[in-house]
Amino acid sequence: MDAKLKQEIPPDMARKEGMRLLARASFEELNAAWAALAEKPDVSPVRGPETGLVMVRGRIGGGGDAFNLGEATVSRATIRLSTGEIGHGQLLGTDKQRARLAAIFDALFQRDADRSAVEALHRTIASRIEAEDRRTAEETAATRVDFFTMVRGDD
Amino acid sequence: MYVAVKGGEAAIANAHRLLADRRRGDRTLPSITIQQVVEQLGLAVDRVMAEASLYDRELAALAVRQARGDMIEAIFILRAYRTTLPRFGYSEPVDTATMKVERRVSATYKDLPGGQLLGPTFDYTHRLLDPSLIEDGAVAEPAVKEPGEHVMRVSDILDGEGLIEGDGHMPEGHVMGDLTREPMEFPMARDLRLQALARGDEGFLLALAYSTQRGYGRTHPFVGEVRIGEVEVELDLPELGFAVSLGVVRVTECQMVNQFMGSAKQPPQFTRGYGLVFGQSERKAMSMSLVDRALRTDEFSEDIVAPAQDQEFVISHADNVQATGFVEHLKLPHYVDFQAELDLVRRMRRDYDAARAGSQDGMKEAAE
């Protein structure tokens, strides 16, 4: 029954995408966005920030059944704004400060008045990641082998 | 007679102080930073992460520095550190098909979607010492080119013709195991074996993989593909009802394609071995895939005739933290054990000497 109910609620794709970006935000990006907020929200901690482990899974053969590959450090935080919104921050590594800021921006994203400021932060992070990925892809592409057929000597 | 003693506190404290001194080395040279280790000794960091079974580049670099570059010591330190942290959960399985590929080569297909991407490889270097690296000279920026099409998985190409076995499924109703939660038991299922191999010692797995090539459990392998790059790690958040990304990790994957098996019921097809390792380490991923295939004797009704096919032998000895613990403990005080042995050998020697003297007396008497 519970599982069925859960399936019927469509995941909040915009929030999920926002959390993906916040997980990869640098401390500088988060801090700059925080400094730029005209009104600092009233934040109270619900859980953490704390560092722990997540067991990373792979799939046999790449696409088969899952197996446990090894753990990764993860820092997470849950906060509540004075207006009631709950924010979750979770990211790889041991940086609890980043996790806490990510949680605050996740909460602010749910508040209409702050949504556009958080979206601006999302765009900043997204364009940096995109530029980095693009650069790596271009560097990799330059190492692609162009095969050519040798002219046969008996022709 | 041996009497138990205490002592050594001052010697131990001073030894550790001396270790700290030797680790720092010549004080007139600048100390190396963690970021320098991450950036410039990245593959050492990767090996420590893989064999400690903990993905965290900064902590692995710290371990390398703390261990003075002793890899197994660094792995030990990082493995010990992970036991101090709580487990938040299990990630969604990473999707290597959507990897941001930084290197991909295939030994089975020359022209394949995505192409042969060499990436930052040691291959085709001449392995000549480079004296120019003694100086801190300028390094050219990498060349760039317009990226090509999606880097298709080689196993998907062969799969289209049905000439290769699928990705690998556990028997119906199988519950995924976790080595960090349950004691080892044999026979061990393939998912647990892969977890053990992923954190196994690179040198040990390399030697076993090499042994299969030399005839000790031959598997006739081809590298279907090796790929290195970043994959996203997602964790399900029950509070939200969906999985969120935690960031990306770099992994190395090897799809080994092995000679065919077939039976009356099943048409002949290529079999596979799989390797997946944290960080950039294709030697380890390739070794892992060769050993994975060699260990699948039960699935293909193969006789166990070589060490690499014996899962209890392979898995029990692949973990270098366990191995070094047991081997290195021999140097710790065994004074009581040894005294007991010494006492025993003295008694045996007395008996032996007495017996010999007795028989010599007997011979003398017989001669007279």
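Tabulated data for the structure shown
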quantity	calculated
Residue that is nearest to the other protein chains (Cβ to nearest Cβ), among those in segment B:63-80 that are more than 18 Å from the chain's Cα centre (by Cα) and not in a helix (DSSP H, G or I)	B:ALA67
Subset of segment A:81-100 that is touching a helix residue (DSSP H, G or I) at 6+ places or on another chain (Cβ under 7 Å) and in a helix (DSSP H, G or I) - its residue that is nearest to B:VAL248 (Cα to Cα)	A:ARG98
Segment A:86-131 - residue that is of a type in the set (Asp, Glu) and surrounded by 17 or more Cβ atoms within 10 Å (Cβ to Cβ) and, of those, farthest from A:VAL56 (Cα to Cα)	A:ASP114
Test result for B:ALA60, touching a residue at least 12 places away in the same chain (Cβ under 8 Å) and either in contact with a His (Cβ under 7 Å, 6 or more places away or on another chain) or part of a helix (DSSP H, G or I) (or both)	yes
One residue from B:ARG214, B:ARG218, B:ARG199, B:ARG181 being basic (Lys, Arg) and buried (at least 22 other Cβ atoms within 10 Å of the Cβ)	B:ARG199
Selection from segment B:232-271 of residues that are in contact with an Asp or Glu (Cβ under 6 Å, 6 or more places away or on another chain) and either of a type in the set (Asp, Glu) or within 9 Å of another protein chain (Cβ to nearest Cβ) (or both)	B:GLU234, B:ALA243, B:SER245, B:VAL248, B:GLN255
B:GLY119 vs. criteria in contact with a Lys or Arg (Cβ under 6 Å, 6 or more places away or on another chain), within 13 Å of another protein chain (Cβ to nearest Cβ) and either over 20 Å from B:TYR55 (Cα atoms) or without any contact (Cβ under 8 Å) to a residue 60 or more places away in the chain (or both)	yes
Within segment A:123-145, tally of residues that are touching a residue at least 24 places away in the same chain (Cβ under 8 Å), more than 13 Å from every other protein chain (Cβ to nearest Cβ) and closer than 15 Å to A:MET19 by Cα	1
Conditions (1) surrounded by fewer than 23 Cβ atoms within 10 Å (Cβ to Cβ); (2) at pLDDT 95 or above; (3) in contact with a helix residue (DSSP H, G or I) (Cβ under 8 Å, 6 or more places away or on another chain); number of the one not met by A:PHE67	(1)
Of all residues in segment B:154-178 being surrounded by fewer than 17 Cβ atoms within 10 Å (Cβ to Cβ) and within 8 Å of another protein chain (Cβ to nearest Cβ), the one that is nearest to A:ASP146 (Cα to Cα)	B:GLY166
Within segment B:207-230, considering residues that are under 14 Å from B:CYS254 (Cα atoms) and among the aliphatic types (A, V, I, L, M), the one nearest to the chain's Cα centre (by Cα)	B:ALA209
Those helices (runs of 4 or more DSSP H) lying entirely in segment A:1-64 with at least 2 residues away from chain B (no Cβ under 14 Å), at pLDDT 95 or above and within 16 Å of A:ALA102 (Cβ to Cβ)	A:27-36
Yes/no for B:VAL48 being part of a helix (DSSP H, G or I), in contact (Cβ under 8 Å) with a residue 24 or more places away in the chain, more than 14 Å from chain A (Cβ to nearest Cβ) and under 25 Å from B:LEU246 (Cβ atoms)	no
Meets criteria (within 8 Å of chain A (Cβ to nearest Cβ), closer than 24 Å to B:ALA318 by Cβ and in a loop (DSSP other than H, G, I, E, B)) for B:MET188	no
Residues (over 16 Å from B:LYS100 (Cα atoms), hydrophobic (A, V, I, L, M, F, W, C) and more than 7 Å from chain A (Cβ to nearest Cβ)) located in segment B:138-153	B:ALA138, B:VAL139, B:ALA140
Top-ranked residue in segment B:284-297 [being more than 10 Å from the chain's Cα centre (by Cα) and not in a loop (DSSP other than H, G, I, E, B); ranked as nearest to B:ARG47 (Cα to Cα)]	B:MET286
Test: residue in segment B:131-153 that is touching a residue at least 40 places away in the same chain (Cβ under 8 Å) and farther than 26 Å from B:MET49 by Cα	yes
Checklist (1) touching a residue at least 24 places away in the same chain (Cβ under 8 Å); (2) more than 9 Å from chain A (Cβ to nearest Cβ); (3) surrounded by fewer than 17 Cβ atoms within 10 Å (Cβ to Cβ); (4) not aromatic (Phe, Trp, Tyr) applied to B:GLN40, failing item	(1)
Residues within segment B:85-116 that are within 20 Å of B:LEU235 (Cβ to Cβ), exposed (fewer than 15 other Cβ atoms within 10 Å of the Cβ) and in contact (Cβ under 8 Å) with a residue 24 or more places away in the chain, tallied	3
Test for A:PHE148: is it among the hydrophobic types (A, V, I, L, M, F, W, C) and either closer than 30 Å to B:LYS145 by Cα or more than 14 Å from chain B (Cβ to nearest Cβ) (or both)	yes
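The values are calculated or read from the model by the stated rules, or taken from the named source; none is laboratory data. Everything quoted here is computed from the prediction, not taken from an experiment. Virtual Cβ from ideal backbone geometry, glycine too; neighbours counted across all protein chains shown.
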